[in-house]
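All remarks here apply to the structure that follows.
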Amino acid sequence: MPSPFLSCLLCLRREREKVKVPPFALNRGGKSPASSSDSDFQVQSRENLKDRNIKSGPETTTTVLEIPDRLDHNHNHNTLPKWNPALVVEREGKGDGKGKNTYRIIENYPYPTLESDDEVIISNRAVGLNPIDWKSVDFNFCLPEFPWITGREMAGVVDAIGANVKDFKVGDRVWTSTYYRDRRAGCFQHYVTVPQHTVNHVPDNLDFASAACLGVAGLTAAMTLWKWLEVAVPPPCPPQSQSQPATGTVTTTLSLRTSATSTTPFTEPPGEAADFLLIWGGSAVTAQFAIQIAVLSGLQVIAVASEKTKSLVSGLGATHVVTRDGKTNSEIVAEVRRVGGDSITRGLDLVGTETATYCLQAMSQTRPSLFAPLAMIPSKAVIPDNIRVQTVEMKQFVLNPDCGVYARQLNHLVCDGLLVMPSTHVLDGGLKSIQAGLDRLKSGDMAGKKLVVSMTM
């Protein structure tokens, strides 16, 4: 005899059905049906969903959704309900690094709903793994509630679009960068829901695995240089690909960069020698993008890296590579200053709080300079008067639609073949491979490779 749920599926087209969903099927605001009022859990009226609790035993409560005869996911080509397998973080840890939250794969996690006409649902094909993914779980931050879904970047195929979405259609290959506060946007699930301004077409010259590198490493490098370090945007080549709609221009990018920075402009006296950008952690995937973008913009780059990755970093265009093997940080600073002198006016650290302070020591001591500590900086660090420390907030890409221009400009560089994509190490197995991949990422040196999990269904 078929299960009650299968029976429901068979007669879905004939009458309204009641479909059991996990009690953790939460709305965007982070509230569960069991703890929310009807208005709190109300989905947009076109979905016509109502929640209620039905007693299924003396001590158990099952949340049930009433689903209309036809599910409308705003132009979704599928009308039958489908599940959204997800890797969820379930139990709150101690938050001290000693206790972990736990992962669990939920095969019947609900398919997402569009809460805005400007949203896109993407069928996941590849997800990039990043240090923030394991750090947030181990140290219990960026997890608004439990259960939660993490993951910050992915590439896939458009599965559904809102009524206001014009630049994308179902079936398009796209990539995106997401923000942790929306559970639907966590990339460790099969269907990811994001605002349309965060979505970009996958360039024709990239596969899904390579495109899954753009949402965190690529975009962080681009925005850090163009927005926070106020580096000039390189001019584009003549159009060679139709992968990305021409919805942004260099003029728009430069205008946004100027208006988005501090009210105290970063200005240089005329006639100075070519500026240097110092990157500490030169083989990191973000650094690989940053080196190339900086060189395209006319900067000289000094990169600190290991002997093992020296040739990689040099091949990307770094003017000088200072190897760190067998040297103290003070010795590295002295070597960096012998190369750049007082012309190191921009700095980028991707290693940690200790190296951030040494970056400050290596930079110009007299000229106006900008520093972006992407791996944090000690609160008691002594900041020289000529250096402005920039707080890089990648959430602005999601919260401020104007920042979409940075992703479009990054896409142009990729489409034009001006950026060498990082080498990827692809893990098969989908959701089942993510935790092992994060453990591998946590264990140490990836030698400049990007870890990506294939989500191909």
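Once the stretch 340-376 is narrowed to residues that are in a loop (DSSP other than H, G, I, E, B) and among the hydrophobic types (A, V, I, L, M, F, W, C), the residue that is surrounded by the fewest Cβ atoms within 10 Å (Cβ to Cβ) is Met376. Please specify each residue of the stretch 408-425 satisfying the condition of being touching a residue at least 60 places away in the same chain (Cβ under 8 Å) and assigned to a strand (DSSP E or B). Residue satisfying the conditions is Thr424 alone.
For the subset of the stretch 136-193 comprising residues that are more than 24 Å from Gly429 (Cα to Cα) and of a type in the set (A, V, I, L, M), which member is modelled with the lowest pLDDT?
Leu143
At least 1 residues being polar (S, T, N, Q) and under 14 Å from Gly128 (Cα atoms) is the threshold, and among the strands (runs of 3 or more DSSP E) wholly inside the stretch 164-233 those reaching it are 173-177. Here is the figure for the stretch 116-163: residues that are under 15 Å from the mean Cα position of the chain (by Cα), under 23 Å from Asp445 (Cα atoms) and not polar (S, T, N, Q) total 13.
Could you tell me whether Ser297 is modelled with pLDDT under 50 and closer than 22 Å to Leu418 by Cβ? Reasoning before the result, please.
Values: modelled with pLDDT under 50: no; closer than 22 Å to Leu418 by Cβ: yes.
Answer is no for this residue.
Go through the stretch 275-309 and report how many residues are on the phi < 0 side of the Ramachandran plot and part of a loop (DSSP other than H, G, I, E, B). Outline the logic, then answer.
Applying the first criterion (on the phi < 0 side of the Ramachandran plot) to the stretch 275-309 yields 275-280, 282-297, 299-309.
Subset that is part of a loop (DSSP other than H, G, I, E, B): 275, 282-284, 297, 299, 306-309.
Number of matching residues: 10.
The values are calculated or read from the model by the stated rules, or taken from the named source; none is laboratory data. Everything numeric in this text was worked out from a predicted model, so none of it was measured. Glycine gets a Cβ as well: all are built from the backbone with ideal geometry, and neighbour counts include every protein chain shown.
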